[in-house]
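Read the structure below first, then the notes.
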Amino acid sequence: MSKYQLIATAAMGLEAIVAKEVRALGYECEVDNGRINFRGDELAIVRSNLWLRTADRIKLVVGEFKATAFDELFERTKALPWEQFLPENAEFPVSGKSVKSKLFSVSDCQAIVKKAIVERLRKHYKKTTWFEENGPLFKIEVSLLKDKALLTIDCSGAGLHRRGYRIGQGEAPIKETLAAALILLTNWTPDRPFVDPFCGSGTLPIEAALIGQNIAPGFNREFISENWGWITAEHWNEGRMEAEDLARYDQPIDIAGTDLDHRMVKIASENAIEAGFADLLTFKQMQVKDFTTTKEYGVIVGNPPYGERLGDKAAVEKMYHEMGQAFAPYDTWSVYMLTANENFEACYGKPATKKRKLFNGFIKTDYYQYWGKRPPKNKDEGINKRLKE
């Protein structure tokens with residue numbers, strides 16, 4: 001198998017989490033702004049698409065070089081081995097972006113890259129006419145940053161957040177990749193209860209179930225690179241069989257979602273059924289102030305309303321206060337809340353154990369973390385503690 005330079009793109013603030021996932025797959029990597037660079041073979045492309053829960057997409061690097069003139073961009077693009085990736089009938093649209101570069105006209109850069117690739121392929125395939133482009137799709141991007149051109153091919157197609165289970169959603173659903181990151185940033189393990197009191201369309205509970213049972217998030221979807229001849233059906237079959245073998249479908253999980261809106265509870269239930277968790281997740285209509293439990297050492301993760309719209313702020317901050325009061329009796333539970341509201345800690349009633357800056361789309365947020373007591377290491381320890389009390 002060949003080795004390729006690959007990129008797992010990441011939302012701002014999630015790079016370290018994506019890098020941890022890449023290393024867990026067995027690949028050494030380097031972290032950069034918005035991207036994790038690693039090398040791997042065809043199976044690495046398959047595995048990273050199937051398994052990376054928090055990455056946005058996987059890209060293959062064809063070349064990277066300095067370009068301050070259009071002639072330079074053309075010649076250096078033409079010098080790259082495009083025939084290694086693109087068959088004679090490939091469909092290859094070129095998109096682009098340019099930041100702080102002398103070649104600032106994106107449309108011109110796209111046209112020049114397209115022309116250079118055509119010239120290279122025409123020579124290789126000994127073509128004298130136009131390419132029909134009626135074969136597999138290769139989405140090429142030319143990205144210019146500070147006069148450095150990066151030429152990549154998208155290996156994912158639809159973004160990796162599209163798991164395939166969302167058949168309904170609310171007004172502002174949290175992205176599946178961010179939801180997975182929020183869970184991976186907690187101390188939750190699948191033997192502990194998990195609750196999302198603002199479940200919306202059910203994304204956080206479903207992502208928790210996928211993590212809890214070690215199910216590859218991309219297992220039930222298709223990828224653009226499945227149609228490429230040089231990544232064979234055998235590669236994809238091997239990757240999916242590996243994912244099937246690693247899944248723990250018999251792992252018991254205690255995951256619940258609640259929401260004030262009964263319509264969202266219905267949508268969340270339907271999405272859970274689509275994800276294959278019909279009997280494993282529970283959803284019900286409830287206000288966060290009514291939260292009660294007899295369980296211990298659980299984890300609460302939520303993406304509550306931020307109160308950004310005029311008139312909403314007072315009601316939302318009142319809800320934060322009620323939430324703090326509702327959760328206060330449960331000192332063995334850990335609470336994690338994502339919000340853009342800077343008054344959250346004051347409203348909740350106590351400072352967070354830890355805060356982490358994250359972006360929900362383009363909204364700058366903080367992830368407030370309240371750590372509960374650690375669970376006993378074994379049952380005897382817990383029994384002895386209760387006897388002393």
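Quick note: the coordinates plus some simple rules give every number you see, no bench work behind them. None of the values given here were measured: they were computed from a predicted structure. Positions of Cβ are generated from backbone atoms using ideal geometry, with glycine treated the same way; all protein chains shown enter the neighbour counts.
Here are labelled values, [x] 1.04; [y] 0.98; [z] 1.01, and one is the computed Rg/Rh (Cα atoms, Kirkwood Rh) for what I pasted. Which one? Step by step, Rg/Rh (Cα atoms, Kirkwood Rh) for this structure corresponds to label [x]. Principal axis analysis of the Cα atoms in segment 127-173 yields extents of 51, 35, 17 Å, listed in decreasing size.
Largest mean-square fluctuation among 309, 248, 53, in a Gaussian network model of the chain whose springs join Cα atoms under 10 Å apart, belongs to 309. Centre-to-centre separation between the Cα atoms of segment 56-70 and those of segment 334-349: 40 Å. What the pair-distance distribution of segment 4-154 shows, using all Cα-Cα distances binned every 10 Å from zero, is 11, 38, 33, 16, 1 percent.
Between 162, 35, 356, the Gaussian network model of the chain with springs among Cα atoms under 10 angstrom shows the greatest mean-square fluctuation at 356.
Structural size metrics of segment 245-379, computed from C-alpha coordinates, are Rg and Dmax of 16.4, 51 Å. For the pair segment 77-92 / segment 169-220, the C-alpha centres are spaced 39 Å from each other. The dipole here belongs to the chain: it is taken about the Cα centre, uses +1 on the Cβ of Lys and Arg and -1 on the Cβ of Asp and Glu, and is about 960 debye.
A convex hull fitted around the alpha carbon atoms of segment 238-293 yields 95 Å³ per residue.
Among 220, 37, 49, whose mean-square fluctuation peaks in a Gaussian network model of the chain (Cα, cutoff 10 Å)? It is 220.
Local charge sum around residue 29 (other residues, Cβ-Cβ under 9 Å, Lys/Arg +1, Asp/Glu -1)?
Values: positive: 23, 39; negative: 28, 30.
My count for the surroundings of residue 29 gives 0.
If you take the Cα centroid of segment 224-281 and the Cα centroid of segment 117-151, the two points sit 35 Å apart. Taking every DSSP beta bridge with both residues inside the chain, roughly what % is antiparallel (nearest 5)? So the antiparallel bridges amount to about 65 percent of the total. The ranking of 2, 98 from fewest to most other beta carbons within 10 Å of each one's beta carbon is 2, 98.
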